[in-house]
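First the structure, in the form of structure tokens, and then the observations on it.
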Amino acid sequence: NFSRVTEFILLGLSDTRELQVPLFTFFLLAYVMVLLGNLLIIATVRTDPKLSSPMYFLLGNLSFIDICYTSVTSPRVLVDLLSQRKAISFEDCIAQLFFLHFAGASEMFLLTVMAYDRYTAICKPLHYRAIMSRHVCWVLVSACWAGGFLHSIVQTLLTIQLPFCGPNTIDSYFCDVPSVIRLACTDIYIIEWLMASNSGLISLACFLVLVISYTFILVTIRVRFTEGHWKALSTCGSHVMVVTLFFVPCMFIYLQPFSTFPSNKHICMIYTVFSPVMNPLIYTLRNNEVKASMWKLWKRR
């Protein structure tokens, strides 16, 4: 009597009707801020010749990934908050899971590349242009997307081969690996450890590389401190804020067995909502060159 689940029911963040309008307003404002902020950064980087350095090239790509990343979950959340029955088909759920991990892992790798860029600029300034040439930047960005695709396809293939024949209620506002595979009608002990070692170890490895890079940067700045190094330190400070918001919640969720812990949907909001919103604010408000270029772009328009 095997019957495969054809749809899942998303419980969302709250089942209280009085909170639906405030939550809808919050997610709508957050999504609009992400779109407008990151589109403004992309337009500024592409139109101002002064922002042609590798750092701003990578920043433009980070903004594009953030738009893709938040567009995987936010539109669906907005629709569900206005719906009585928050149902999502099995195929749409798997697609959301795939693109979420595709964009999320690509952003992790790109943040690591950005840390390497800052390390090269501060610790090896004489060789910076040679090491971080435009060709190298394109290769590194392509590698980030390729790494994100490989990571996501592994997660997706491990998920779709599971039998789903019983419960179909997901205690979250989007489809993700931990919340979906715990509904499978089979023992998932080995699968969840494979997935945790995939997502969790990628998050941990990228985070450790970032920590090592910024440690070398701080040591270099301490040894030979100049006004230019102070500017670089300010830039690195904004990177550290982004890294903390994005990586720490991911490591908390994915470096543990999924079935033994309750839903972490409120923690997921940190890296699916707050981190994409903070990225354009951090990279513009703390960067005088970007702010000046945006002001010039505004006056020209």
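Key figures for this structure:
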quantity: Residue that is farthest from Met132 (Cα to Cα), among those in the range 48-75 that are crowded, with 17+ Cβ neighbours inside 10 Å and of a type in the set (D, E, K, R); calculated: Asp66
quantity: Some residue of the range 232-245 being buried (at least 18 other Cβ atoms within 10 Å of the Cβ), of a type in the set (Ser, Thr, Tyr) and at pLDDT 65 or above; calculated: yes
quantity: Neighbours by Cβ (under 9 Å, 6+ apart or cross-chain): first from the range 3-16, surrounded by fewer than 20 Cβ atoms within 10 Å (Cβ to Cβ); second of a type outside the set (Lys, Arg) and modelled with pLDDT under 80; calculated: Val5/Gly166; Leu11/Ser263
quantity: Filter result (part of a helix (DSSP H, G or I), under 15 Å from Phe164 (Cα atoms) and not aromatic (Phe, Trp, Tyr)) within the range 73-91; calculated: Glu91
quantity: In the range 5-21, the residues that are assigned to a loop (DSSP other than H, G, I, E, B), among the β-branched types (Val, Ile, Thr) and farther than 28 Å from Leu162 by Cα; calculated: Thr16
quantity: Pair list, Cβ < 8 Å and 6+ apart or interchain, from the range 123-148 residues that are at positive phi to residues that are part of a loop (DSSP other than H, G, I, E, B) and open to solvent by less than 50 Å² (accessible area, probe 1.4 Å); calculated: none
quantity: Qualifying residue in the range 24-38 (condition: at pLDDT below 90 and not in a helix (DSSP H, G or I)); calculated: no
quantity: Gly148 being within 16 Å of Asn61 (Cα to Cα) and either of a type outside the set (A, V, I, L, M, F, W, C) or in a loop (DSSP other than H, G, I, E, B) (or both); calculated: yes
quantity: Matching option when the condition is farther than 26 Å from Gly12 by Cα, within 20 Å of the chain's Cα centre (by Cα) and assigned to a helix (DSSP H, G or I), among Leu201, Leu126, Leu194; calculated: Leu201
quantity: Check on Leu111, under 27 Å from Thr25 (Cβ atoms), part of a helix (DSSP H, G or I) and open to solvent by less than 30 Å² (accessible area, probe 1.4 Å); calculated: no
quantity: Residues satisfying the stated conditions in the range 129-155, i.e. surrounded by fewer than 17 Cβ atoms within 10 Å (Cβ to Cβ) and over 30 Å from Ile253 (Cβ atoms); calculated: Arg129, Ala130, Ile131, Ser133, Arg134, His135, Val136, Trp138, Val139
quantity: Within the range 91-108, tally of residues that are open to solvent by less than 20 Å² (accessible area, probe 1.4 Å) and in contact with a strand residue (DSSP E or B) (Cβ under 9 Å, 6 or more places away or on another chain); calculated: 2
quantity: The range 158-179, residues that are more than 21 Å from the chain's Cα centre (by Cα) and either part of a helix (DSSP H, G or I) or of a type in the set (Ser, Thr, Tyr) (or both); calculated: Leu158, Ile160, Thr169
quantity: Search result, residues across the range 161-197 that are touching a Cys at 6+ places or on another chain (Cβ under 8 Å) and open to solvent by 50 Å² or more (accessible area, probe 1.4 Å); calculated: Cys165, Cys185
quantity: Residue check for Ile65: in contact (Cβ under 8 Å) with a residue 12 or more places away in the chain and touching a strand residue (DSSP E or B) at 6+ places or on another chain (Cβ under 8 Å); calculated: no
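The values are calculated or read from the model by the stated rules, or taken from the named source; none is laboratory data. Nothing here was measured: the structure is a model prediction, and the numbers come from that model. In this analysis, Cβ positions are derived from the backbone assuming ideal geometry, glycine residues included, and neighbour counts consider all displayed protein chains. Ligands, DNA and RNA are stripped out before the accessible areas are found, and what is left, the full protein with its side chains, is counted by its heavy atoms. Shrake-Rupley method; radii C 1.70, N 1.55, O 1.52, S 1.80 Å.
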